[in-house]
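What follows is a set of notes on a single structure, which appears directly below.
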Amino acid sequence: MEDQFYTIDKIAEILGMHHKTIRKFITEGKLPASKVGKQWRISGHDLSTFMEKNNVNISDKEISEESNIDFVTNGEIKDTVNEKVNVSTVVDINDIDKEEYFRISNTLIALMNCKDPKMGKSTVNVKYDEKVSRLRVLLWGNISFIEEMLSVISMLVEQTDL
């Protein structure tokens, strides 16, 4: 599978941070990046590694009318296959109101708080953009975690459509 590359602006949008904060992470060596022409590019792998190593507090982010929530588990990964393979994915849920956002994010909070060992050192980042009525969920973790979370998100979205 080919590794995807992102611009500084795209990483800033995904993480809900200002582009200058992303540039600072690059210059400090916290976020690996490659120079392509005059612009920086960040690989999907480097983004995943950065998300794993750095739990970004909401106070570090530039906050406007958007709501951001970060969650991290502290469990140990038991499955040897899943120790080698980690996955990151972004799920966009469009046309969602604030009430639906709270219901979905609260359910994801509850799942992350259960401390299931198969979650390993997984992360969930939930970002609601009220202007465009979009909920963005960033997932990072082992295969079974991603599979379970996608299933839960799918179920929650189906309940919204009823």
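Each reported figure results from applying straightforward, stated rules to the coordinates on display, with no laboratory input. This structure is a prediction, so every number in the text was calculated from the model and none was measured. As a convention, Cβ positions derive from the backbone with ideal geometry for all residues, glycine included, and neighbour counts pool all protein chains shown.
Rounded to the nearest 20 debye, the dipole size of segment 1-48 about its Cα centre is 300 debye, using +1 on the Cβ of Lys and Arg and -1 on the Cβ of Asp and Glu. Remark: the Val91-Glu28 segment gains 19.8 nm on full extension, using 0.36 nm per residue and subtracting the alpha carbon distance.
Annotated for segment 5-57: lysine pairs at least 8 residues apart or interchain, Cα distance under 17 Å, count 11.
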